[in-house]
Amino acid sequence: MFEVNVEIDEGNVPRREVMKAPIEEMEPYRRTVGPAIRQFVRSTLRAAVNAAIAQQLITFSPAAHVEPDAGKRPKALVWTEERILHWKRTGEKPSSVMVWTPEHTGLFLDHVAEDRLYALFHLIAFRGLRRGEACGRKWTDTNLDAGLITVAKQLVVDGWEVYEDDPKTDAGARTIALDSDRVQALKQHRAQQDKDREKWESAWAETGRVFTKENGELLHPANVTRRFIELYEEVGLPPVWLHDLRHGAATLAHAAGADLKDIQEMLGHSSITITADTYTSLLPEADLAIAEAAARLVPRAPATSENIAPEAAPEPGDAEKPGPESVPNGADPLGEISEINSPSAHAPLTQTAPDQESEAE
């Protein structure tokens, strides 16, 4: 932390002394943030003080000399069996951003199929909505007949207060296609919401939101996160954040053949660099398929019995010639190197064209 030491005299008392006591009485801000968030806070602070300089409220920028740690985005990793075993033994996560395998995601969704937030988790896990975008969804921005949803608003948490705001970036305002499973899940959710509306009658809070409490009131995003953690812990799944389901959606789309541009538009990123560096992780199965396809690119001659010459019977007078044990493997006793026809142990014997998913990677 640093102190903004700007002295503006009010009589005989510097302004910083006037502000010091109220600041010290404030409750400590206990949330731990990483290097990336600190970089963001610094850039925001610099913009604010630069605006103050332009208005001649201060003469220099105290934030100009602040040098926080480099804000490197964490790389998402997939929960493999080895990583799960290490986590169970030590309690350490390999990365702050972890992604479930398709089997983990399927197990979770099967477990929460009867939960009232099932359709919300389903939507985040497959189409990568942000938590605030999912909680802020409106039926007027949802067209189930066409299988399309429009991300137009989101719910933002400020302290504990919740308010509606525009998407995080301009690219965040987007239209996302829904497959038949997502459409069916939302239709079932709407039917349940209609039953809740009839049950609560005049006490129903008509917010127009897709996902609400039983009485129609807004969902608090923090409570959605808390419920998510409770549900996956019930079936013993390795820990992930609700936001990590968004990473998982990108990974699933990537493994299914979507290119980075498609994934960028689905997630609503302003830059494809963020998509490439942070939000796509290779599933082990996809990585293996790429390795196999790469190996098949190198043509090799098949090993057959015709390639192996029969051993010739020794002729008279050959006793003085050096024997096989006196020359290097594969070398002719007369000094010439014979052709090697043995196959490589690291590549298949035949060549096939790589699949499109491998080329995209």
Open item on the list: Suppose the chain between Phe60 and Thr80 were pulled fully straight at 0.36 nm per residue; how much longer would it get relative to their current alpha carbon spacing?
Closed with: 2.1 nm
- [ ] Could you list, in their original order, any pairs among Lys75/Lys138; Lys138/Lys195; Lys75/Lys213 whose Cα atoms are separated by more than 24 Å?
- [x] Lys75/Lys138; Lys75/Lys213
Open item on the list: Multiplying the sequence separation of Leu144 and Trp160 by 0.36 nm and subtracting their Cα-Cα distance, what value in nm do you get?
Closed with: 2.5 nm
Task: Gain on full stretching of the segment that runs from Ala113 to Arg89 - 0.36 nm per residue minus C-alpha separation - done: 5.6 nm
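Values in this text are rule-based calculations from the coordinates and carry no lab data. None of these values were measured; they are calculated from a predicted model.
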